[in-house]
Ligand code: GLY
């Protein structure tokens with residue numbers, strides 16, 4: 001009895017406090033904030049902000065640090081997108097997606113007429129010309145304040161002196177060992193003479209430190225020319241790879257105009273093609289704007305059904321229309337992201353019945369969930385959303401001997417072959433077939449929201465095609481369901497991608513009633529352990545305080561503010 005009374009008193013004192021801060025309180029800061037998937041990298045970015053760096057300076061330093069401390073996706077041998085919203089002036093999208101080498105061909109994934117998955121995903125042919133160093137440098141040149149070498153220096157120290165391996169890094173390195181076993185330089189870098197590293201061991205990457213030192217001193221020339229390029233090309237030549245010196249020196253990051261949309265009065269700024277993410281995100285938000293999601297409630301059958309149907313339609317259009325804009329000048333991006341198109345799409349949704357995805361003959365190419373995202377806001381409220389990737393975890397698994405960095409296997413994001421028909425169905429819609437110099441279609445969706453013309457939210461996630469739906473749900477959770485940044489990140493997620501015709505839902509994310517309700521509407525459901533790793537920053541419109549949500553679905557991430 002006495003215990004019950006004490007518990008009641010404690011509850012009365014504690015609960016209102018907890019409620020005032022939200023069940024899952026965000027990390028708060030006044031001046032600047034960096035959220036990434038690895039704590040040391042977030043700290044490095046936050047230090048750059050504290051030393052007067054801009055959001056772009058901090059993003060660049062964090063990205064270089066992740067290439068050392070989060071080698072599953074942080075990289076200099078891959079590519080990605082950096083979306084920048086200055087506190088005044090127009091936002092810009094830096095596209096540093098990998099490109100297909102000049103010798104690439106649409107049918108290069110066929111082996112004597114048969115699709116060869118290994119070649120497409122795990123050979124030296126699967127490596128695209130890396131874009132990260134060029135992209136980070138281009139963004140820094142335009143929007144950085146601190147010296148370039150100061151942004152690379154912390155990564156050099158981490159690579160040279162080493163850092164303590166976490167449980168998560170040890171787990172993921174152990175998992176990738178079979179794939180790396182063919183490559184002596186990879187085994188030398190990521191094991192202790194073939195024995196897996198344990199949590200608490202120190203991981204030193206001296207060759208990577210040397211490459212980063214060349215990049216710090218020479219900028220992109222330290223990567224795309226000279227010793228680093230020689231080492232990369234030698235590795236290609238030794239294993240029937242096709243990237244040449246000419247491919248490397250021809251690589252250039254592109255500055256694109258971000259896609260814009262609106263959602264319930266907020267401005268959406270997001271990534272244009274060659275990402276499919278922004279087009280699909282705006283298309284889904286336009287459809288969902290026609291439904292009172294707040295009244296229908298978070299995680300209810302009614303809300304989840306409307307979300308799944310908007311996802312189904314956006315992913316069907318993704319497959320049909322989207323690819324590298326420089327090779328597909330007639331993509332109907334304007335139409336797909338228009339409000340009238342959303343009205344048409346909404347009219348095709350039966351609120352009492354699941355639609356059926358058609359044609360049943362299409363299968364998506366395999367895509368990895370291993371990418372990484374970081375969000376940054378600085379004191380002046382400049383913002384960066386940066387998502388970059390090696391495609392699979394540790395990319396191709398190939399460390400360039402003597403250069404110490406992993407090569408991507410991003411060519412796997414191109415469709416398999418023109419008109420190829422397998423027993424499962426057609427693989428290979430035209431806009432995303434391989435071609436020399438072309439950028440493979442991506443799902444990466446770095447996104448920034450404005451409210452009343454001011455910076456409001458920065459968001460993004462890894463997760464292959466699920467990225468787009470994860471980003472969508474962080475937006476809906478904040479805008480429709482009034483969640484703070486941390487609760488919006490923590491809330492359960494679903495994914496529908498047109499085909500297979502099923503809703504994937506996070507275990508423990510939704511009530512049995514809601515899931516059974518979806519089944520009763522005719523949806524097929526598939527349980528998944530988790531989806532995405534979103535990193536979110538919100539600028540509180542009332543207090544101007546930065547509030548961050550870090551995704552605890554995987555360990556090691558951190559929001560660091562100052
Ligand atoms: N490789 C993952 C993506 O580009 O979406």
How many residues does region 133-178 contain that are in a helix (DSSP H, G or I), in contact with a helix residue (DSSP H, G or I) (Cβ under 7 Å, 6 or more places away or on another chain) and within 21 Å of residue 72 (Cβ to Cβ)? 10
Within region 282-310, count every residue that is over 15 Å from residue 263 (Cβ atoms), buried (at least 24 other Cβ atoms within 10 Å of the Cβ) and touching a helix residue (DSSP H, G or I) at 6+ places or on another chain (Cβ under 7 Å). 2
Does residue 422 fit the bill of being closer than 30 Å to residue 479 by Cα and either within 15 Å of the ligand (Cβ to nearest atom) or at pLDDT below 95 (or both)? no
Hey, does region 264-281 have a residue that's away from the ligand (no atom under 16 Å from the Cβ), more than 23 Å from the chain's Cα centre (by Cα) and farther than 28 Å from residue 521 by Cβ? yes
Which of (1) under 16 Å from residue 434 (Cα atoms); (2) touching a strand residue (DSSP E or B) at 6+ places or on another chain (Cβ under 9 Å) is the odd one out, the single condition residue 86 does not satisfy? (1)
Do we have any residue at all in region 238-253 that's at pLDDT 95 or above, within 20 Å of residue 386 (Cα to Cα) and in contact with a strand residue (DSSP E or B) (Cβ under 6 Å, 6 or more places away or on another chain)? yes
Checking residue 399 against (1) away from the ligand (no atom under 16 Å from the Cβ); (2) closer than 30 Å to residue 257 by Cβ; (3) in contact with a helix residue (DSSP H, G or I) (Cβ under 9 Å, 6 or more places away or on another chain), which test does it fail? (2)
Go through the residues of region 485-499 one by one and say whether even a single one is surrounded by 24 or more Cβ atoms within 10 Å (Cβ to Cβ) and free of Cβ contacts under 8 Å to residues at least 40 places away in the same chain. yes
Just checking, how many residues over region 402-419 are over 30 Å from residue 321 (Cβ atoms) and either modelled with pLDDT under 95 or surrounded by fewer than 18 Cβ atoms within 10 Å (Cβ to Cβ) (or both)? 1
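The values are calculated or read from the model by the stated rules, or taken from the named source; none is laboratory data. Owing to the predicted nature of the structure, the values given are computational and were not obtained by experimental measurement. Backbone-built Cβ (ideal geometry, glycine too); neighbour counts: all protein chains shown.
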